[in-house]
1. What nm value, rounded to one decimal, do you get for the distance between Ala30 and Glu86 when each label is placed 7 Å out toward the C-beta?
2. Using the Cβ atoms and a cut-off under 14 Å, what net charge is assigned to the surroundings of Thr8, where Lys and Arg are +1 and Asp and Glu are -1?
3. When you have a sec, figure out the Kirkwood radius of the chain from all distinct Cα pair distances and drop it here in Å to one decimal?
Amino acid sequence: MSRPNFWTADRLDDAWYALADGAKTEDVAASLGVTVRALTSALHKYGCSIYSARVHYRKKRLERVLELRKAGLPYRQIAEAMGKQEADVWRLANGRAR
């Protein structure tokens with residue numbers, strides 16, 4: 001009898017979406033009880049990557065900044081709402097993000 005697979009599709013989906021929502025890799029790995037290396041390896045085998053999750057997160061963050069700017073909020077209020085610095089929000093809104 002074989003051991004059940006730890007990395008189910010649901011578990012990997014949950015991990016990827018947590019990363020895409022901005023969670024730290026170390027925190028996601030710890031919540032699953034695995035190492036960061038095991039998590040990245042499993043995501044790679046699944047066809048995903050931490051990089052793609054981070055890109056998804058950055059796109060969502062940019063969309064949120066642009067939405068709030070369109071609503072008329074100043075950079076300072078957007079920064080406070082997102083937990084970022086005002087200069088970071090300005091760079092995002094003006095296409096100069098690092």
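We did not get these values from a lab; they are worked out from the coordinates using the rules stated. Quantities reported herein were computed from a predicted structural model and do not represent experimental measurements. As a convention, Cβ positions derive from the backbone with ideal geometry for all residues, glycine included, and neighbour counts pool all protein chains shown.
1. Here the answer is 3.3 nm between the modelled labels.
2. Charge balance near Thr8 sits at 0.
3. 15.1
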